[in-house]
Every structure is written in C-alpha cells, then in structure tokens.
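The values are calculated or read from the model by the stated rules, or taken from the named source; none is laboratory data. These numbers come from a predicted model, not from an experiment. Because the Cβ atoms are built from the backbone with ideal geometry, glycine has one as well, and the counts that use them run over all protein chains shown.
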Amino acid sequence: MIILIGIVATLIAGAFYLIVIYNNLISLKNNVSKNWSNIDVLLKQRYSELPKLIDTCKEYMQYEKGTLEKIVAARQAAITATESRDIAMLGQAESSLKSGLLKLFALAENYPNLKTNESFQKLQARISELENSISDRRELYNESVNINNIRIQQFPDILVAKAFNFKNFELLKFSAKEIEDIGVEDHFKS
C-alpha cells in the first residue's frame, strides 16, 4: 500500500512538474509575441511618418531623387517583411531604410531652407525618436527570443517542447552595413 501511494505521489509530482514546464514555455512564447507586437507598432508608426518626410524633402531636394526613391523602396520592403513576419528579410530592409534615412538627414545639411522647415524638423525628431524606441524594443525582443530558445533546448524542457512542438524564434538582426559610418564627406564636396 505504501509503495502504491509512493508511485501515485511520484506520478502526480511528475505530472505537476511537466505542467509547470509547459506553462513556463507558454509564458516565454507569449512574451516573444508581445515584444514583437511592440516592435510592430513602432515600425508601423515610423512607416506612416516616412511619406510625410519624403514629401517635405521633395520640395527642397530636387537633385536627391535617387536617395528618396531608395528610402521609399526600403520602406516598402520593410512593410512587406513586417506583414509576413519574415525576420531575416525585415532585418535587411530595416538596415537599408536606416542607412537611407541617415544619408537623407546628412544630405539635408546642404539645403538650408529644408533644415529650417518646421515640418522637416518635427518629422526628423519624430523619426529619430521612433528609431531609438525601435532599437530599445529590438533589444527586448532579442532577449526574450534568447530566453525562449535556450529554455526549449535545455533538459527537461526540451522533452515538453518537442512533445508540444515549441519552435525557436529568429533574432532580429540588422546587417553590418547599419553600424558602418556613413561617408557623408562625399556629399559636402563642391
């Protein structure tokens, strides 16, 4: 009788332990989704600000059509990647977009009327603010992805993860091009 009680108690404790593991994995998975949603909101806000910035710049920057077109193309690629949740493609598109914006802001220095335009100043400040927020949220997202991915690879969590088909998430990485210095000196030569 005592052996039977011991076996039943062990089975109950084991089942309880598996339930705790499962619930923790669900919590981690939902945390990744929540952090992605936070990034998604900021990206959409920035994407909606970019056409206003482009329109403002078009009035002053007649000779920078190529730069403006690259930003529009990068924005569209980023929107497509965001909608499809293609993290790798989003990282590439965001790198191109950020690079284009940095170049645009550097080129704006050549246009004093644009630099003093109140609409441009507000849009530049708003986009810069959104860039900083996206960077912060990306860090949180990647941290939650790391925690999730580590947990579903550790024993005994891996047993529950495989049984319930938990998957790794992909880190949101931007290309090395994003962290390179932009060669703005070429734009200021006479």
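With respect to the conditions (1) free of Cβ contacts under 8 Å to residues at least 40 places away in the same chain; (2) assigned to a helix (DSSP H, G or I), Thr82 falls short on a single one, namely (1). When the stretch 123-148 is filtered for residues that are crowded, with 19+ Cβ neighbours inside 10 Å and either charged (D, E, K, R) or under 15 Å from Ile87 (Cβ atoms) (or both), the ones remaining, listed by number, are Ile134, Arg137, Arg138, Tyr141, Ser144, Val145, Asn148.
Look at Asn113 and say whether it is among the polar types (S, T, N, Q), free of Cβ contacts under 8 Å to residues at least 60 places away in the same chain, closer than 30 Å to Thr56 by Cα and touching a helix residue (DSSP H, G or I) at 6+ places or on another chain (Cβ under 7 Å).
In short, yes.
Taking the criterion of being under 30 Å from Asn113 (Cα atoms) and part of a helix (DSSP H, G or I), would at least one residue in the stretch 20-42 satisfy it?
Initially, the stretch 20-42 is screened for residues under 30 Å from Asn113 (Cα atoms), giving 42.
Subset that is part of a helix (DSSP H, G or I): 42.
There is at least one residue in the stretch 20-42 that is under 30 Å from Asn113 (Cα atoms) and part of a helix (DSSP H, G or I).
Checking each residue in the stretch 78-99 for being surrounded by 17 or more Cβ atoms within 10 Å (Cβ to Cβ) and either over 13 Å from the mean Cα position of the chain (by Cα) or among the charged types (D, E, K, R) (or both) picks out Glu94, Ser96, Lys98, Ser99. Could you count how many residues in the stretch 53-70 are assigned to a helix (DSSP H, G or I) and either modelled with pLDDT of 90 or more or under 17 Å from Asn117 (Cα atoms) (or both)? Qualifying residue count for the region: 8.
Considering the stretch 25-52, the residues that are basic (Lys, Arg), at pLDDT below 95 and under 15 Å from the mean Cα position of the chain (by Cα) include one that is surrounded by the most Cβ atoms within 10 Å (Cβ to Cβ), namely Arg46.
One residue alone among Lys58, Lys65, Lys29, Lys44 is of a type in the set (Lys, Arg) and touching a residue at least 60 places away in the same chain (Cβ under 8 Å), and that residue is Lys29.
Taking the condition crowded, with 18+ Cβ neighbours inside 10 Å and either of a type outside the set (Phe, Trp, Tyr) or under 18 Å from the mean Cα position of the chain (by Cα) (or both), does Leu102 pass? Show your work before the answer.
On the way: crowded, with 18+ Cβ neighbours inside 10 Å: no; either of a type outside the set (Phe, Trp, Tyr) or under 18 Å from the mean Cα position of the chain (by Cα) (or both): yes.
Judged against the criteria, Leu102 is not a match.
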